[in-house]
Amino acid sequence: MIIVLKEKTLSKQVKDLVNLLSQTGCQTSIFQENGRRYLRLNGCTICEAEEYVKDFNCIESMVFSPYPFEMASRSFKKKKTEFLVKKVRIGGSKIVMAAGPCAVEDRETLFRIARDVKSAGADILRGGAYKPRSSPYSFQGLEKEGLKILSEVGSLVDMPVITEVIDQYSIETVASYSDIIQVGARNMQNFRLLKELGQVRNPVLLKRGMSATIEEWLMAAEYILAEGNGKVILCERGIRTFEKYTRNTLDLSAVPVASGLSHLPVFVDPSHGTGRWKYVKPMSMASLAAGADGLVVEVHVTPEKALCDGEQSLLPEKFAEMMSSLKKVALTLDRTL
Ligand code: PEP
Ligand code: MN
């Protein structure tokens, strides 16, 4: 339960309110968003809370979410969350395209990919520097060197960059080189990592875990929001099922479900969602129709030589071709791309 405090509430009034609630056994914590103060309440029912606080005139409203996630829910915030990453607006009517290789391999290759996706209309450059690989013998990423290359190439082509963080020890380094921090499917329930990401200023793109329910995914987002970082993007990337002809089963129903339950922008990653470049275009078109606010797509100039995920990477010309089809889909949805 969340108490929304009136804008001009004095610190003394907040203190009195917190004291009274603590005496009744409620746990309270104060947080701020956009300059507004809120009080989070645990350990009492809505009726009890209403009774305890009835004499306090510093309360604007009380928000009760019927779901186990509060700040991520539409009960807390009706309007869709929108924010800027450099000049790119996330969550607005323009659909945002993030594209690039699975992993940063070298400067020259990344530059060629970046230039091509940018000229095809991509907004954000993706590239992993810390790679969470299933096998310890697979390419693990260039780590800090990869971050430097990504950030340098991003500046050269004038695109914000997104890259994955795989543990809490490298958050500071990743945050200093990347505009958006990605939490991969494998880390969706790394709660310590999520809590620490709640303390950074960079927006976080939170992929859905491969075996996570939508509720667990939204609870993971709540961990970040509850620590004070409101800039979270949800990203559906496929879940694991019995199906073998695709790498994952892209759960597109998660898009309208998550957008209905939460005000957070919802992206789709059709590359990991299918694992085959051939299916990326049809599933990208379907993602837009399902209401996605953005896509994350893997692109490589020589997919057969890619150090990671070549089979699901589009050639730049295929990406450009897909972009022109997606523009038409966006138009029919009264959106732009
Ligand atoms: C990736 O984006 O390259 C990646 C590893 O994604 P996921 O966590 O969805 O598997
Ligand atoms: Mn990948």
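Within region 205-227, the set of residues being open to solvent by less than 10 Å² (accessible area, probe 1.4 Å), in contact (Cβ under 8 Å) with a residue 40 or more places away in the chain and part of a helix (DSSP H, G or I) comprises 217, 218, 221, 225. Output yes when any residue across region 298-314 is away from ligand 2 (no atom under 16 Å from the Cβ) and assigned by TED's automatic domain parsing to the domain that holds residue 99, and no when none is. Checked region 298-314: no residue is away from ligand 2 (no atom under 16 Å from the Cβ) and assigned by TED's automatic domain parsing to the domain that holds residue 99. Within region 261-275, does at least one residue satisfy the condition of being among the hydroxyl-bearing types (Ser, Thr, Tyr), over 29 Å from residue 105 (Cβ atoms) and open to solvent by less than 20 Å² (accessible area, probe 1.4 Å)? For region 261-275, residues among the hydroxyl-bearing types (Ser, Thr, Tyr), over 29 Å from residue 105 (Cβ atoms) and open to solvent by less than 20 Å² (accessible area, probe 1.4 Å): present. When 151, 178 are checked against the criterion of being under 22 Å from residue 224 (Cα atoms), among the hydroxyl-bearing types (Ser, Thr, Tyr) and crowded, with 16+ Cβ neighbours inside 10 Å, a single residue qualifies: 178. Only residues that are in contact with an Asp or Glu (Cβ under 6 Å, 6 or more places away or on another chain) and either modelled with pLDDT under 95 or open to solvent by 20 Å² or more (accessible area, probe 1.4 Å) (or both): list them for region 185-198, please. Answer for region 185-198, where residues must be in contact with an Asp or Glu (Cβ under 6 Å, 6 or more places away or on another chain) and either modelled with pLDDT under 95 or open to solvent by 20 Å² or more (accessible area, probe 1.4 Å) (or both): just 195. Looking at region 183-204, which of its residues are in contact (Cβ under 8 Å) with a residue 40 or more places away in the chain and near ligand 1 (Cβ under 9 Å from one of its atoms)? Within region 183-204, 184, 185, 186, 187 meet the criteria. Looking at (1) over 22 Å from residue 92 (Cα atoms); (2) assigned to a strand (DSSP E or B), which one does residue 308 not meet, given that it meets all the others? For residue 308, the exception is condition (2).
Got a number for residues in region 43-75 being in contact (Cβ under 8 Å) with a residue 24 or more places away in the chain, in contact with a Ser or Thr (Cβ under 8 Å, 6 or more places away or on another chain) and open to solvent by 30 Å² or more (accessible area, probe 1.4 Å)? The number of residues fulfilling the criteria is 5.
The values are calculated or read from the model by the stated rules, or taken from the named source; none is laboratory data. These numbers were taken from a predicted model, which means no experiment stands behind them. In this analysis, Cβ positions are derived from the backbone assuming ideal geometry, glycine residues included, and neighbour counts consider all displayed protein chains. Please note that ligands, DNA and RNA were not included when accessible areas were found on the heavy atoms of the full protein model with its side chains. Shrake-Rupley method; radii C 1.70, N 1.55, O 1.52, S 1.80 Å.
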